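Below: the structure, in structure tokens.
Derivation of every value follows stated rules applied to the coordinates shown; laboratory data play no part. Computed from a prediction, not measured in an experiment: that's the story for all the values here. Virtual Cβ from ideal backbone geometry, glycine too; neighbours counted across all protein chains shown.
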Ligand SMILES: Nc1ncnc2c1ncn2[C@@H]1O[C@H](COP(=O)(O)OP(=O)(O)OP(=O)(O)O)[C@@H](O)[C@H]1O
Ligand SMILES: [Mg+2]
């Protein structure tokens, strides 16, 4: 877009799409903002009216709110950490010339195509179930006591399931980045006497930084709104141990039928997500410039 | 020290034999240039010496030590790549310092060496920039800087100037020659460029299909090519060839004569022909003369020549500057 003319033209051409997206976003958002200031509980439909900041106050002071924030951070942070580290390692592995590389790659990518609900059900009933699950079977085979995953380590179990789903994505992106690593740079480093570790540390890792931030950005957007896996496995429990922000909003809206409170929660979630997004986009932008 | 000996070096990629068997003895401090047509194995041979490719057979001996199975770092050679292969995330300073850092040298020492190298290569003002912000020539100098700081026993260059424009190429050519005079370290230099080969080399290796055709000084190659291939390859414009009756007259299967060893006349000469291309370069004039029955010859005469496209001319070779070849292509 070099000249002024092409700039104006491209803006004009973009307008319909941007307009549509804007309406798409602004209508539900306005409605949510409107309801968040309303006293509106489906169980008490007669008590409607302006509520001021009450819904926000109520949502934030709920002890479950703090728990939900912490759980969300642990969930997002944990999955990000494992998928990025695991993705780099698997990417390095898949980038080697191993036999049947094509098949192995497809096998690695496949979890990404499994629906979250299905994945969670499979994990819950076939793998992590304390009686019928495969892990329990393995534990018994070695003479150990099976772990009741969702009772003893509920949040970690969710992290494991979500990681299983997102690891392929991270691997795929990082593998692509690895493949674009300049061969001659590696050879130059060989000549310079760099060990395998030094090459990884000083050449591969900086090269992957950009791909890593992209993975982090995209994953964060999706991980902030994890819901199906929690609903299917733990229902946010035990207690509030696995309740994250989206699940808390859901439970406000459809378990307490508190439309006003749920809307307030939704708006808070939107604000928090935007703060995170701004930071991430900055980070990515800085990486893209470099 | 940098005496490099290749003994029966052989390299296959799978079933394809790229280098059948090469023997070379490169003396300490020599500037050796590998030339040859594209795909003849110049880069492969250089990479074998560097240790970036494994030998299929034979031996490489550096300063009396068999390094055939040593890693690249152990051979203490430095290489400058065609694409420069600078580390894009590091500043110029860190790029140049990298091999020293890998060698575990202490920081004060590293700084001193990097500053010295940067100074000699006119890079001092650019030390804190990343390679992405440098021009082609500057990048090339950084690559050279990274090579010289480690004081290697020999430098390997793989077409280092081919990404630069003509003027810069001339400058860098002179800089590299100066560097060689100053350091007196063995250099092996791969190039496509005739002029680079002739001007820089102490000795030239002419390769064809992985075989060494001739190994000698530039003027040896020019004056006494061992065979038709070397004769045709060295010199620009290329040597002209004639067979049949013309060759028999000189008791040869084929004769060759260089463009600069031909006389052009408008009145008389050995072959009559029509000028199909006339290149007036100012100092020189190249004529492509399409003769009636001996093929097209290129001649080189001085710039004043007033002959143009379509003119009829007579060309003749200087009989004392004729190269004679047998049926097997070898010089007689
Ligand atoms: N890794 C490889 N696997 C298979 N064949 C290869 C490999 N590298 C090079 N070759 C082949 O070896 C031959 C010599 O290649 P090389 O790169 O040494 O040529 P070169 O003389 O450097 O050519 P150029 O002047 O074009 O750079 C070519 O025919 C090439 O196809
Ligand atoms: Mg090459």
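How many partner chain Cβ atoms sit within 10 Å of a residue's Cβ in peptide B:78-90, on average, as a whole number?
5
What's the FRET efficiency of residue A:273 with residue A:5 using the Cβ-Cβ distance as r and R₀ = 45 Å, to the nearest 0.05?
0.75
Provide the packing ranking of B:300-308, B:259-267, A:11-19, i.e. peptides ordered by the mean count of other C-beta atoms within 10 Å per residue, highest first.
B:259-267, B:300-308, A:11-19
What is the mean number of Cβ atoms from other protein chains located within 10 Å of the Cβ atom of each residue in peptide B:145-154, rounded to a whole number?
Per residue, the number of nearby Cβ atoms from other chains is 1 on average.
Between residue B:265 and residue A:254, what is the label-to-label distance in nm when each label sits 7 Å out along the Cα-to-Cβ direction?
Once both label points are built, they end up 10.4 nm from each other.
Could you calculate the FRET efficiency of residue B:165 with residue B:223 from 1/(1 + (r/R0)^6), where r is the beta carbon distance between them and R0 is 41 Å, rounded to 0.05?
That gives a FRET efficiency of 0.80.
Under 15 Å from the 7 Å Cα→Cβ point of residue B:328, by amide nitrogen: which residues of region B:201-245?
Under cut-off, by backbone N: B:226-229.
Would you tell me the mean number of C-beta atoms belonging to other protein chains that fall within 10 Å of each C-beta in A:190-202, as a whole number?
6
222 nm [θ] for chain A, helices only, -39500 (n - 2.57) per DSSP H run of 4+, per residue, to 500?
-22500 deg cm²/dmol
So between residue B:311 and residue B:10, what do we pick up on full extension, going 0.36 nm a residue minus the alpha carbon distance?
Gain on stretching residue B:311 to residue B:10: 103.1 nm.
For region B:86-205, what is the relative contact order in percent, using Cα pairs closer than 8 Å and at least 6 residues apart in sequence?
Worked out over region B:86-205, it gives 26 percent.
Among DSSP beta bridges whose residues both lie in region B:4-230, state the antiparallel percentage, nearest 5.
That works out to approximately 55 percent antiparallel.
Project the alpha carbons of region B:237-325 onto their principal axes and report the range along each, largest first, in whole Å.
That gives 37, 23, 19 Å along the principal axes, largest extent first.
Provide the FRET efficiency to the nearest 0.05 for the residue A:98-residue B:283 pair, computing r from the beta carbons and using R0 = 45 Å.
0.15
Label residue A:34 and residue B:105 with points 7 Å out from Cα along Cα→Cβ: what is the distance between them in nm?
7.2
Divide the volume of the convex hull of the Cα atoms of the protein assembly as shown by its number of residues and quote the answer in cubic angstrom per residue.
With only Cα atoms used, the protein assembly as shown gives 266 Å³ per residue.
When the Cα atoms of chain A are enclosed in a convex hull and the volume is divided per residue, what value in Å³ results?
202
Only Cα pairs under 8 Å and at least 6 apart count here; give the relative contact order of region B:4-230 as a rounded whole percent.
29
Compute the distance from the alpha-carbon center of region B:74-130 to that of region A:262-287, in whole Å.
Using only Cα atoms to place each centre, the spacing works out to 42 Å.
Determine, for each peptide in A:238-244, B:25-31, the mean count of other beta carbons within 10 angstrom over its residues, then list the peptides with the highest first.
Ranked by mean Cβ neighbours within 10 Å, highest first: A:238-244, B:25-31.
What ranking do A:218-228, B:39-49, B:269-279 get when scored by the average of other Cβ atoms within 10 Å per residue, highest first?
The most tightly packed comes first, giving B:39-49, A:218-228, B:269-279.
Write down, largest first, the equivalent ellipsoid semi-axes of region B:4-230 in whole Å, where each equals the square root of 5 times an eigenvalue of the alpha-carbon gyration tensor.
Over the Cα atoms of region B:4-230, the ellipsoid semi-axes are 30, 21, 15 Å.
If you average the C-alpha positions of region B:1-64 and of region A:1-52 separately, how far apart do those two centres end up, in angstrom?
About 69 Å separates the Cα centre of region B:1-64 from the one of region A:1-52.
How high is the relative contact order of chain A, in percent, counting Cα pairs under 8 Å that sit 6 or more residues apart?
Relative CO of chain A lands at 29 percent.
Pop a pseudo-label 7 angstrom from the Cα along the beta-carbon direction at both residue B:17 and residue B:1 and give the gap in nm to one decimal.
Computed distance between label sites residue B:17 and residue B:1 equals 3.4 nm.
Take the alpha carbon atoms of region A:153-225, find their center, do the same for region B:258-332, and report the distance between the two centers in whole angstrom.
Measuring centre to centre over Cα atoms gives 63 Å.
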